[in-house]
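One structure, as structure tokens, below. Some questions next.
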Amino acid sequence: LSLSNYPRALESLFSALTYFEKASKETGSNKLGIRNGIANCYLNIANVFGKQKEYGKELEYYQKAFDAYESFKYKPGMALVIGNMGDVFMRKKEYDSAIHYVNRSLSLYSAMKDSIGIERNYSNLGSIYLSKGDYRLALVNTSIAIDIAKRKKYFASSGYSKQIMGEIYMGLAKDTARLASVQAGFTQVQAMDLAMNYIDSSIRTFRQADDQ
């Protein structure tokens, strides 16, 4: 969507939401299709507010979507939305809140044994910890994501995680004190070599994913 289309998108989504809410009230229906329609409207409204960087409204409608999905115990929707809320806090640089919500999403995906969701959340945790400056936990979580992606052959996801790992080692190469505490015995040259290797591997993995 272009910036000029966001108001039109919101207008259409709120119109759809009104339709589903009216159908629910008029028929007294508790049908899954109607409840799912309401939840999906909330989710997409939140997405559009996010594109406009209206984070308060984005979080408000993600919470509405989560509550709606939770009302009929739709765990895939709940896990997606709660993870998206973590992403909002990441963009707001509220890292502790971001970690809290991503961990909640990870718990839901783990309960469902959804390896794609699990891998994505570990990768997101790696990115958040990197932004927070906690290189040790960034390494731990990103390594788990890379391992899952490798075993499951999630090429695109693996490329993203390798990119994060490259950024982690790039940061460590520039901070010798932190490098010594996180990777004992590593030199700046070794850290930089690893950074370049991960970045190169990331590029090759993305190309491999495009060829699938």
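The values are calculated or read from the model by the stated rules, or taken from the named source; none is laboratory data. The structure displayed is predicted, hence computed values, not measured ones. Cβ coordinates were reconstructed from backbone atoms using ideal geometry, including for glycine residues, and neighbour counts include every protein chain displayed. Note: areas computed on protein heavy atoms with side chains; ligands, DNA, RNA excluded. Shrake-Rupley method; radii C 1.70, N 1.55, O 1.52, S 1.80 Å.
So what's the angle, to the nearest 10 degrees on a 0 to 90 scale, between helix 55-71 and the longest Cα principal axis of the chain?
With both axes taken from Cα atoms, the answer is about 70 degrees.
Now, a different point. Using the alpha-carbon atoms, what tilt in degrees (0 to 90, nearest 10) does helix 135-152 show relative to the longest principal axis of the chain?
70 degrees
For the chain, report the accessible area per residue in Å² (1.4 Å probe, heavy atoms, rounded to an integer).
Working: 11620 Å² over 212 residues.
Normalised by residue count, the accessible surface of the chain is 55 Å².
Work from the charge dipole of the chain (Cβ charges, +1 for Lys and Arg, -1 for Asp and Glu, about the Cα centre) and give the residue of Met196, Tyr95, Ile38 farthest towards its positive end.
It is Ile38.
Quote to one decimal, in nm, the extra length available between Asp114 and Ser24 on full extension: 0.36 nm per residue of separation minus the C-alpha distance between them.
On the way: separation 90, 0.36 × 90 = 32.40 nm, distance 3.15 nm.
Result: 29.3 nm gained on full extension.
Which FRET efficiency value, to the nearest 0.05, do you get for Lys150 and Ile203 by plugging their Cβ-Cβ distance into 1/(1 + (r/R0)^6) with R0 = 25 Å? Show your work: numbers first, answer last.
On the way: r = 16 Å, r/R0 = 0.66.
Approximately 0.95, to the nearest 0.05.
Next question, about the same structure. Whole Å is fine, so just give me how far the alpha carbon centre of the stretch 48-81 lies from that of the stretch 148-212.
Centre-to-centre distance over Cα atoms comes out at 32 Å.
Another question about this same structure. Could you give the dipole magnitude of the chain about its Cα centre, charging the beta-carbon of Lys and Arg +1 and that of Asp and Glu -1, in debye to the nearest 20? Walk me through the numbers on the way to the answer.
Details: 28 positive and 21 negative charges, 63 e Å.
About 300 debye.
Straight-line reach from Lys53: which lysines fall under 19 Å, measuring Cα to Cα and dropping same-chain residues less than 8 apart?
Straight-line reach from Lys53, under 19 Å: Lys64, Lys92, Lys93.
If you don't mind, another one. Could you give each residue of the stretch 8-22 its phi-based ³J(HN,Hα) in whole Hz, using Karplus coefficients 6.51, -1.76, 1.60 with θ = phi - 60°, and x for Gly or Pro?
My calculation for the stretch 8-22 gives 5, 5, 5, 4, 5, 5, 5, 5, 5, 4, 4, 4, 5, 5, 5 Hz in order.
Pulled fully out, how much extra length does the chain show between Lys51 and Asn5, if you take 0.36 nm times their separation in residues and subtract their Cα-Cα distance?
Numbers: separation 46, 0.36 × 46 = 16.56 nm, distance 1.09 nm.
Length gained between Lys51 and Asn5: 15.5 nm.
Right, next: Taking Rg and Dmax of the Cα atoms in Å straight from the coordinates, which label in [x] 25.9, 85; [y] 20.1, 69; [z] 19.9, 67 is the correct one?
[y]
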